[in-house]
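First comes the structure, then the notes that go with it.
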Amino acid sequence: MDKLITMSKKELSRLEIMQRLEQNILKQREAAQILGIGVRQVKRLYRAYREKGAEGLVSRKRGRSSNHQKDPKMKKAVVDLLHSTYRDFGPTLASEKLSEVHGLNISRESVRQLMITEGLWKSKKLKRPHIHQMRERRACFGELVQIDGSPHRWFEDRGPSCNLLVFIDDATGRLGELYFTPQESFFSYGEAARRYFARHGKPVAFYCDKHGIFRVNIKNAVSGSGMTQFGRAMKELDIEIICANTPQAKGRVERANLTLQDRLVKELRLRGISSIEDANSFMPEFIQDFNQRFAVVPSSSHDMHRPLSRNVNLDHIFSWQETRTLSKNLTLQFEKVVYQIQTDRPSYALRNATVTVCKDPHYAIAILYKGHSLDYTVFHKQAHQAEVLSSKEIGNPLNTSKIPYVPPQNHPWRKSNSMFFRHSSATKKGDTSI
């Protein structure tokens with residue numbers, strides 16, 4: 001009785017070659033060249049064919065489970081963890097956490113297949129690529145550092161939305177600094193830069209966008225020095241600022257932001273971190289782990305970071321500085337406040353003198369003249385005027401509720417309008433005799 005044999009195309013081609021060998025049409029060396037295998041393998045196949053016929057060429061693995069099949073208990077444990085803890089994780093991050101935290105060594109592709117089966121992951125369609133001019137990485141570590149701020153719900157529903165300032169090296173892809181702050185400002189970037197300098201030193205250049213912190217965006221400005229506070233600070237530190245024309249030009253930090261918005265959010269969730277202070281304390285550990293996974297070796301081993309000089313005063317450099325001219329009575333105005341200079345020298349020596357007003361992150365004021373601090377007193381505080389805010393800052397004053405002023409009973413305005421109050425009360429009672 002004939003037996004039905006199932007064979008693949010590869011096995012059918014081998015059967016044809018074996019039949020031609022049996023008929024002495026081919027030699028074993030020629031058969032090996034046609035099949036792309038060695039002569040010894042041809043001999044083994046021909047021996048199996050002569051003993052069992054076509055059935056000897058069928059793979060013995062067919063119908064058997066794979067030797068690399070996962071243990072069902074381990075597979076169930078992985079599925080339970082994916083549903084309970086890593087439900088919104090990607091396959092790569094989930095496989096890392098399963099291995100590091102739970103000791104379940106399973107490949108990324110196996111996790112992806114399990115997540116697809118359980119409905120936890122859907123393969124993404126490839127986007128139509130946008131062609132941008134390629135730029136090679138810089139050769140040396142510290143030659144160019146890309147910086148950017150990323151507003152996001154970093155603590156999800158456990159805490160307020162905030163900004164993450166990201167410093168990433170262009171040559172190696174290493175994170176140099178991560179700093180959480182309520183909003184992007186000169187003082188927040190100054191604090192992040194101080195942390196970066198303490199860890200690595202001064203880089204040659206910072207690569208950033210056209211945010212008003214880094215660049216004066218007013219065309220044909222007639223006042224000011226033409227430089228922002230951050231630009232002035234970097235000039236004093238001999239660090240060049242380069243502004244990118246498009247987001248794609250600084251794609252390394254933009255892609256890092258997307259990676260952090262996925263990985264860092266979940267790391268903060270696993271550790272129960274919900275405040276800016278706790279997150280900043282955790283950042284050194286996260287930076288070290290991130291760099292071990294994703295950093296690359298630069299083409300040059302030279303480190304172009306420069307150490308800070310001993311005479312560099314970062315407190316002074318990263319203070320908000322504006323120049324003022326003293327009046328004849330030695331006063332100046334800064335942020336709606338009048339300051340009176342106190343000095344023992346003759347007053348005419350400081351009349352019309354140009355001084356520098358410095359404000360630190362804690363809003364402490366120092367007035368400098370030729371590098372020396374001047375004593376002062378607050379003379380007068382002007383009334384509150386309308387403020388000029390950017391679109392990013394407009395939410396803060398709108399969210400602050402203002403209680404309207406109600407004058408007291410003995411206020412002159414109430415006395416002068418007493419007839420009006422009596423008339424209003426009588427009208428409310430229905431008295432129309434007036």
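The values are calculated or read from the model by the stated rules, or taken from the named source; none is laboratory data. Note that the coordinates shown come from a computational prediction; the quantities given were computed from them, not determined experimentally. Virtual Cβ from ideal backbone geometry, glycine too; neighbours counted across all protein chains shown.
Structure data summary
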{"item": "Residue match in the range 226-247 (condition: within 16 Å of the chain's Cα centre (by Cα) and either modelled with pLDDT under 95 or within 24 Å of Pro284 (Cα to Cα) (or both))", "result": "yes"}
{"item": "Tally, over the range 336-364, of residues that are out of contact with any Asp or Glu (no Cβ under 9 Å at 6 or more places or on another chain) and in contact (Cβ under 8 Å) with a residue 24 or more places away in the chain", "result": "11"}
{"item": "Wholly within the range 329-398, strands (runs of 3 or more DSSP E) carrying at least 1 residues that are in contact with a helix residue (DSSP H, G or I) (Cβ under 8 Å, 6 or more places away or on another chain) and at pLDDT 75 or above", "result": "354-359"}
{"item": "Check on Thr172, within 27 Å of Cys140 (Cβ to Cβ), surrounded by 15 or more Cβ atoms within 10 Å (Cβ to Cβ), among the polar types (S, T, N, Q) and within 21 Å of the chain's Cα centre (by Cα)", "result": "yes"}
{"item": "Residue in the range 203-223 that is surrounded by fewer than 14 Cβ atoms within 10 Å (Cβ to Cβ) and under 22 Å from Glu285 (Cα atoms) present", "result": "no"}
{"item": "The range 274-290: number of residues that are closer than 24 Å to Asp157 by Cβ and in contact with a strand residue (DSSP E or B) (Cβ under 8 Å, 6 or more places away or on another chain)", "result": "5"}
{"item": "Sole residue being part of a helix (DSSP H, G or I) and either farther than 18 Å from Gln146 by Cβ or not hydrophobic (A, V, I, L, M, F, W, C) (or both), chosen from Gly226, Gly176, Gly231", "result": "Gly231"}
{"item": "Test: residue in the range 80-94 that is touching an Asp or Glu at 6+ places or on another chain (Cβ under 9 Å), at pLDDT 90 or above, polar (S, T, N, Q) and within 23 Å of Lys122 (Cα to Cα)", "result": "no"}
{"item": "Matching residues in the range 30-56 - criterion: being among the hydrophobic types (A, V, I, L, M, F, W, C) and not in a helix (DSSP H, G or I)", "result": "Ile37"}
{"item": "Any hit, the range 69-89, residues being of a type in the set (Lys, Arg) and touching a Ser or Thr at 6+ places or on another chain (Cβ under 8 Å)", "result": "yes"}
{"item": "Among (1) at pLDDT 90 or above; (2) within 30 Å of His372 (Cβ to Cβ) - the single one Ala295 does not satisfy", "result": "(2)"}
{"item": "Of all residues making up the range 296-328, the number that are surrounded by fewer than 16 Cβ atoms within 10 Å (Cβ to Cβ) and assigned to a strand (DSSP E or B)", "result": "4"}
{"item": "Scan of the range 152-167 for residues that are surrounded by 16 or more Cβ atoms within 10 Å (Cβ to Cβ) and either among the hydrophobic types (A, V, I, L, M, F, W, C) or free of Cβ contacts under 8 Å to residues at least 12 places away in the same chain (or both), ordered by number", "result": "Trp154, Phe155, Cys162, Leu164, Leu165, Val166, Phe167"}
{"item": "Verdict on Lys75 being among the charged types (D, E, K, R) and more than 30 Å from Leu264 (Cβ to Cβ)", "result": "no"}
